[in-house]
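Q: I'd like to ask you about the structure that follows.
The values are calculated or read from the model by the stated rules, or taken from the named source; none is laboratory data. These numbers were taken from a predicted model, which means no experiment stands behind them. All Cβ positions, glycine included, derive from the backbone under ideal geometry; neighbour counts span all protein chains shown.
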Amino acid sequence: MDIFTTFKIAASGLQAQRTRLDTISSNIANVDTTSTPEGGPYRKKSVYFQATPIPFADHLQNSMGKGLSGVKVTKILEDKSPPLRVYNPSHPDADKDGYVAMPNVNVLKEMTDMMSATRSYEANTTIVKSAKRMALKALEIGR
């Protein structure tokens, strides 16, 4: 596998994890949002990934062409689970029984997902740095 294919694969991982981090940040920021323009409380969003093959032209240029793939975000979906009902009759969005529909966001789960996404992002960054170091060492050999 050539160095540029390594960069492409790691870059696709970086882009996917950035989207995941943005979505998690949005979920955490809206943990108390009870009223949205669509109506009702904020709904948790989840990011879905899919492996994407590296283009055939790239496979032809290297001998290790089997099984190479990157990753891409295929969709970001809202969670369809019902909102949490919290008793708070003084809240402006409370219903006639005093219950407020709260977002279905679990902050602890979101923080765990954020740590996982951060570690994945760091791993892809390490791959890019390592590939860069290898390329620079290869250039030094020619001196």
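Q: Can you list the strands (runs of 3 or more DSSP E) found entirely within region 1-102 that contain at least 2 residues being modelled with pLDDT of 90 or more and hydroxyl-bearing (Ser, Thr, Tyr)?
A: 45-53
Q: Taking the residues in region 115-139 that are of a type outside the set (A, V, I, L, M) and touching a residue at least 24 places away in the same chain (Cβ under 8 Å) as candidates, determine which candidate is nearest to Asn27 (Cα to Cα).
A: Thr118
Q: Mind listing whichever residues of region 70-113 are over 25 Å from Gly40 (Cβ atoms) and buried (at least 17 other Cβ atoms within 10 Å of the Cβ)?
A: Gly70, Val71, Val73 - these are the residues of region 70-113 that are over 25 Å from Gly40 (Cβ atoms) and buried (at least 17 other Cβ atoms within 10 Å of the Cβ).
Q: Still on this structure, please answer the following. Thr112 versus (1) under 15 Å from Asn27 (Cβ atoms); (2) part of a strand (DSSP E or B); (3) not charged (D, E, K, R): which is the lone unmet condition?
A: Here Thr112 clears every test but (2).
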